[in-house]
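Before any comments, here is the structure.
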Amino acid sequence: MHTKNVTPYVAAIIFSLIFGLSFMFTKKAIMVISVFKLLSFRFLLAFIVMSLLVLCKVIKVDYKNKPIKDLFITCIAQPVVYFIFETYAIQYTSSSYAGLFIALIPICVSIMGIYFLKEMPSRIQWIFIFLSVAGVIYILLNDTSSINGSANIVGTLFLFVAIISASVYSIYSRKISLHFTSFEITYFMMGIAAAVFNFIALILDISNGNANTYFQPILNKDVIISVIYLGILSSVVAYYLMNYSLSKMAASKSTVFANLATIISIVAGVVFLGENFYYYHVIGSVMILVGIIGTNYFNTI
């Protein structure tokens with residue numbers, strides 16, 4: 001029983017770490033290839049890997065007599081809509097800024113969860129949820145270099161759309177977990193994303209007369225590394241762990257771990273991309289961590 005209670009939290013921590021580093025890999029890749037080409041390669045690799053697992057009977061999937069409509073809505077919200085706007089947002093902002101903004105997802109999910117899932121966080125949980133988000137806002141207000149520089153209005157608007165779509169995904173994923181396994185949800189997500197993004201990328205290449213060089217970008221070392229990380233770890237592994245945690249705990253509790261990804265994205269941006277790091281990043285990060293711990297320490301009532 002103790003192991004069963006701890007496992008969803010371990011899964012949430014791991015997927016947060018993976019997602020936190022994904023901003024850096026995305027930022028590096030889109031310096032070389034287009035947004036849709038990166039997304040097409042990422043999810044095509046993820047779908048191929050999961051298909052091989054299904055064919056080898058490592059994992060089992062069965063979609064008969066199940067609510068496919070709700071599953072389809074989940075997949076359109078994320079990864080399709082979410083990643084279009086998140087990836088474009090990273091083009092207009094820094095990876096750390098994008099990671100900070102995405103940390104607003106738990107508030108949006110908590111509010112939507114009350115209506116759609118009848119999951120009401122306790123008063124003390126609301127305090128810690130807002131503390132975590134306050135840490136994000138504190139960093140944003142102090143990080144004038146990001147706000148006045150690379151993080152323009154367009155990038156911020158794109159991030160808002162990403163937040164809403166991610167929240168819809170969290171709510172629906174929690175809802176459909178009663179009918180689908182975590183593997184079934186993840187596999188369907190990878191298939192839909194691979195089909196949509198490769199179709200868009202191919203149409204764009206045909207219109208530009210570059211269809212014969214569709215796979216040429218994967219010859220670039222940075223692109224290969226980014227696609228492998230984003231396609232296998234950040235898509236297959238992280239999304240499975242996220243779907244698993246959403247099936248085992250309230251949506252508001254699971255998604256608050258997105259704020260842990262925020263801290264990871266800041267550290268990765270500083271260490272690997274040379275982005276700035278100041279004292280208020282430390283203070284804000286502590287607020288975020290305390291918020292995460294507090295939200296998950298107190299049970300939902």
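Observations on the model:
- Residue selected from the stretch 276-301 under the condition touching a Phe, Trp or Tyr at 6+ places or on another chain (Cβ under 9 Å) and at pLDDT below 80, by the criterion surrounded by the fewest Cβ atoms within 10 Å (Cβ to Cβ): TYR297
- Condition check for SER170: within 27 Å of ASP62 (Cβ to Cβ), over 16 Å from the mean Cα position of the chain (by Cα) and not β-branched (Val, Ile, Thr): no
- Qualifying residue in the stretch 196-212 (condition: hydrophobic (A, V, I, L, M, F, W, C), in contact with a helix residue (DSSP H, G or I) (Cβ under 8 Å, 6 or more places away or on another chain) and under 18 Å from ILE59 (Cβ atoms)): no
- Residue in the stretch 1-24 that is part of a loop (DSSP other than H, G, I, E, B) and among the β-branched types (Val, Ile, Thr) present: no
- Total residues in the stretch 111-134, condition of a type in the set (S, T, N, Q) and crowded, with 19+ Cβ neighbours inside 10 Å: 2
- The residues listed here are SER40, SER51; of these, the one that is within 27 Å of SER177 (Cα to Cα) and surrounded by fewer than 24 Cβ atoms within 10 Å (Cβ to Cβ) is SER51.
- Scanning the stretch 158-176 for residues that are of a type in the set (S, T, N, Q) and in contact with a Leu (Cβ under 6 Å, 6 or more places away or on another chain) yields a single hit, SER173.
- Look at (1) at pLDDT below 90; (2) in a helix (DSSP H, G or I); (3) over 20 Å from the mean Cα position of the chain (by Cα) and you find that ILE59 fails only one, number (2).
- Some residue of the stretch 64-74 being in contact with a Ser or Thr (Cβ under 9 Å, 6 or more places away or on another chain) and surrounded by 23 or more Cβ atoms within 10 Å (Cβ to Cβ): yes
- Test: residue in the stretch 194-201 that is among the polar types (S, T, N, Q), in contact (Cβ under 8 Å) with a residue 60 or more places away in the chain, crowded, with 16+ Cβ neighbours inside 10 Å and closer than 22 Å to LEU117 by Cβ: no
The values are calculated or read from the model by the stated rules, or taken from the named source; none is laboratory data. Remember, it's a predicted structure, so these values are computed and weren't measured experimentally. All Cβ positions, glycine included, derive from the backbone under ideal geometry; neighbour counts span all protein chains shown.
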